[in-house]
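Since the structure comes first, as structure tokens, the remarks are kept for the end.
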There are 2 protein chains.
Amino acid sequence: MKKSLTIHDIAKIADVSSATVSRVLSNSSYPVSPELRSKILRIAKEHNYVPNLLGKQLKTKTSMTIGVIIPTITNSFYSSVILGVEEIARKNNYQVLLCNSFQNPELEDKYIQGMFEKQVRGLIISSISSDKKQLKHFIDMGLNVVALDQKMDMPDVCEVDFDYNKGGYMATRHLIGKGHKHIAYVTAPLDRPSRLSIHNGYLTAMREAGLEPLVEEGGRESYSGTYEFENGKMLTRRLMNGGWRPSAIFACNDMTAFGVVGELAALGLKVPQDVSVMGFDGIDFGQMITPPLTTVLQPTYEMGRIACDMLLDMLLDGKKPNSGIMLLPELLERDSVAEPSVGPAAETAAGTMH
Amino acid sequence: MKKSLTIHDIAKIADVSSATVSRVLSNSSYPVSPELRSKILRIAKEHNYVPNLLGKQLKTKTSMTIGVIIPTITNSFYSSVILGVEEIARKNNYQVLLCNSFQNPELEDKYIQGMFEKQVRGLIISSISSDKKQLKHFIDMGLNVVALDQKMDMPDVCEVDFDYNKGGYMATRHLIGKGHKHIAYVTAPLDRPSRLSIHNGYLTAMREAGLEPLVEEGGRESYSGTYEFENGKMLTRRLMNGGWRPSAIFACNDMTAFGVVGELAALGLKVPQDVSVMGFDGIDFGQMITPPLTTVLQPTYEMGRIACDMLLDMLLDGKKPNSGIMLLPELLERDSVAEPSVGPAAETAAGTMH
DNA sequence: CTGTTAGCGCGTTCAC
DNA sequence: GTGAACGCGCTAACAG
């Protein structure tokens, strides 16, 4: 195993001081004569010089890396966000330290500590931890934080948010606009701000239209990877066995909507002829099922890019950008929503109007 | 912004030397009297001491972080692998630096260089770069590498492999066992070892059974996120317009299979009654479509865990484990494959036998 | 323009 | 059992 060179080795070979070598190799603006510069550059290249950033970082107190903490990378929402984060990071010569917290607060804290020890001073986090004490402490010590997806409500923490409320409202309005009156909402547990907001949007739209809402809420979630899907199936079964048969079902996310579609098929019901289905998220897989899923698009990649941009602004300029940003939803109209048929479901609906 | 303490600050407060503080706080085996030990521990805790790992790493020449380079995290195959990698890393107090190469060799090289500069000495990589010169150099300099998914054929590089060949063979055998004679294989470009292997397994099984193979190969791929799906659709269209109508279609991966299923539906054909479809990968979404996809399971999470274990072995013991490991495929029987019907497709098949 | 020197925070000899 | 002193690789102040 070959030993790697230091600036001192290069200095010795070039017969100059290590300071000069440093000035050249670190692209310092400090003046160095063209001859020496090219000579040092040549020698460094010849010997495959690779700088040891630890030395540099120790001195300059900057580790060119940012941390990202998310629940789990296998959720395509987050993997897409990360792709955006990494793109911006790369363009600024930063690297990304990835952590999956599984929504475990202790793990989350441990990760933050570990990153701070490595002198990471920029963090993008989708946090669930209710106890912000530790994070607060690190922020005092110089950590810059951008919150993603989940609100933090902390001073000095920038947020990249998405208008879940409006998304829920838009989706419901779309269904109403198609003529639906019996619109059910199926959701994972309403224990997170984002879910509550979508739910709220749904309720608002229903109320506005003078329609009676019907919400089915799932049980405690697990990280099986198919929880959402199973939840969608289960809630649909419950829904269709109830007396109040919806002509449209709105799901809190696309994976849950897949479950809804699957269960509807199992019950012999056609989408969208018999029942319309609306998702939320806009993941790629939505267009791969039959029929392609009508849904609300959440600009995940863009969220990642923006979050990283904000973080780098904080890191470089030391200035805190406008406290936050709110991204807007967009309706992705595909084929899983249609006007209610004049079948039994619609007739029941008409019946309730008298 | 508060300033963080160093061991010297702690030493001053405790009225001892920084050496003693270091010995206590770094869990050194060096003997220190119990009184001093507890005193130092107490003071460190009271003052929220957080070690600066850069100093430690500079001294000990070990950065407790491993690098992972993959084509793109949005591919659920890789995100699942990474989850496994990170779990093992975390249990060993390592952290993960994530890079998406988009199969761009220059980006790949740049990332490797960047990591090496940060003193990362362990790398898990799914490389596409044909020019291994740079990597070879870094290995000489002390980089430990585990290749994932893509063979590297380099000495000193451990491989975690999957028996794609056998997987392709098993899938085809399964179809044959169900009574299919007209089995087509649709695939993304055969430009990667893994794809060639699956293809090979298919050919072998067909040849053994005295059946005529039919392969449809897609055009150059992009990273649109839905390339595989579109490719599956396109190839299916081409296939069903041809004279030789298959009773079963085997796709090189699940996403492509989704495209096959979707296009078949668009053509008015039912799966599996009219045409059977077999996927490859075993991603979670496979069970979320209708009908649930029969496929070959690739133990991605396990691959990640094993790769990371191997890497840590190399890193800690300095020893190179047995050069590689090969994971075996498993058939995941769901509902997209059935016996061929006695419809037109089967009759045509029978016809060719005479 | 160039070199000398002094740390960054930590671990580790080597004396005591 | 403890402390003083040195150095990991690099940058930045200062002097020339």
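Just so it is clear, none of the values below were taken in a lab; they were calculated from the coordinates. Values in this document were obtained by computation on a predicted structure and should not be read as measured data. Neighbour counts run over all protein chains shown; Cβ positions are idealised from the backbone, glycine included.
Quick look at the numbers
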{"read-out": "Most mobile listed residue (A:Met141, A:Met314, A:Met278) in chain A, GNM with C-alpha springs under 10 Å", "value": "A:Met141"}
{"read-out": "Cβ-vector label at 7 Å, A:Asn48, separations to other copies in nm", "value": "4.5"}
{"read-out": "With Cα atoms, 0 to 90° folded angle of helix A:193-208 axis to chain A main axis", "value": "30 degrees"}
{"read-out": "Spacing of the two label points (7 Å from each Cα toward its C-beta) at B:Arg220 and B:Asn241, in nm", "value": "2.2 nm"}
{"read-out": "Cut-off 10 Å between beta-carbons: net charge of the residues surrounding A:Glu159, Lys and Arg +1, Asp and Glu -1", "value": "-2"}
{"read-out": "Selected from A:Leu293, A:Leu316, A:Leu214 as most flexible by GNM, with chain A as the system and alpha-carbon contacts under 10 Å", "value": "A:Leu316"}
{"read-out": "Environment charge of A:Asn144, counting only residues whose C-beta is closer than 10 Å and scoring Lys/Arg +1, Asp/Glu -1", "value": "0"}
{"read-out": "Most positive-pole-ward Cα, A:Pro321, A:Leu235, A:Thr204, against dipole of chain A from beta carbon charges", "value": "A:Pro321"}
{"read-out": "Nonlocal amide H pairs with A:Asp335, under 5 Å, H built at 1.01 Å", "value": "A:Leu293, A:Thr294"}
{"read-out": "Fewest-first ranking of B:Val96, A:Val50, using other Cβ atoms within 10 Å as the exposure measure", "value": "A:Val50, B:Val96"}
{"read-out": "Chain A: most fluctuating residue of A:Gly232, A:Gly324, A:Gly177 per GNM, C-alpha cutoff 10 Å", "value": "A:Gly177"}
{"read-out": "Fraction of beta bridges assigned by DSSP in the protein assembly as shown that are antiparallel (%, nearest 5)", "value": "10 percent"}
{"read-out": "Translational D in µm²/s for the protein assembly as shown (Stokes-Einstein at 20 °C, 1.002 mPa s, Kirkwood Rh from C-alpha pairs)", "value": "76 µm²/s"}
{"read-out": "Inter-probe distance in nm under a simple model that places probes 7 Å from Cα toward Cβ, at B:Gln113 and A:Leu315", "value": "1.9 nm"}
{"read-out": "Convex hull per residue volume in Å³, alpha carbons only, for region B:7-51", "value": "60 Å³"}
{"read-out": "Residue order, fewest to most beta carbons within 10 Å, for A:Val120, B:Val260", "value": "A:Val120, B:Val260"}
{"read-out": "20 Å reach of a label modelled at B:Glu339, 7 Å along Cα-to-Cβ, counting backbone N of region B:278-309", "value": "B:278, B:294"}
{"read-out": "Nearby lysines by direct alpha-carbon distance to B:Lys39 (threshold 19 angstrom, same-chain neighbours under 8 apart not counted)", "value": "B:Lys12"}
{"read-out": "Cβ-defined net charge surrounding B:Leu293, 13 Å radius [Lys, Arg +1; Asp, Glu -1]", "value": "-4"}
{"read-out": "Which listed pairs, of A:Lys233/B:Lys166; A:Lys2/B:Lys118; A:Lys270/B:Lys270; A:Lys56/B:Lys91, have C-alpha distances above 25 Å, in listed order", "value": "A:Lys233/B:Lys166; A:Lys56/B:Lys91"}
{"read-out": "Of all DSSP beta bridges in chain A, antiparallel share, percent nearest 5", "value": "10 percent"}
{"read-out": "Once exposed loop GluC sites (Glu not before Pro) are cut out (DSSP; at most 16 other Cβ, 10 Å), longest piece of chain B", "value": "B:1-220"}
{"read-out": "Relative contact order (%) - chain B, alpha-carbon pairs under 8 angstrom, separation at least six", "value": "17 percent"}
{"read-out": "Point-charge dipole on Cβ atoms (K/R +1, D/E -1) for region A:142-268, about Cα centre, debye to 20", "value": "640 debye"}
{"read-out": "Long-range amide H partners of B:Gly67 with built H, under 5 Å", "value": "B:Leu97, B:Gly122, B:Leu123, B:Ile124"}
{"read-out": "Inter-copy separations for B:Asn27, label at 7 Å along Cα-Cβ, nm, ascending", "value": "3.9"}
{"read-out": "Residue (of B:Trp244, B:Ser194, B:Val50) at the positive-pole extreme of chain B, dipole from beta-carbon charges", "value": "B:Val50"}
{"read-out": "For chain A, calculated [θ]222 nm from helices alone, where every DSSP H run of n ≥ 4 adds -39500 (n - 2.57)", "value": "-14000 deg cm²/dmol"}
{"read-out": "Qualifying aspartates and glutamates (Cα of each under 15 Å from Cα of B:Lys181; at least 8 residues distant if same chain)", "value": "B:Glu208, B:Glu212, B:Asp274, B:Glu339, B:Glu347"}
{"read-out": "Qualifying chymotrypsin sites (Phe, Trp or Tyr not before Pro) in region A:50-156, DSSP loop, other Cβ atoms within 10 Å at most 15", "value": "A:Phe102"}
{"read-out": "Teacher prompt: B:Leu267 distances to equivalent labels in other copies, 7 Å Cα→Cβ, nm", "value": "3.3"}
{"read-out": "Chain A: Cα Rg divided by the 2.2 N^0.38 Å rule of thumb", "value": "1.31"}
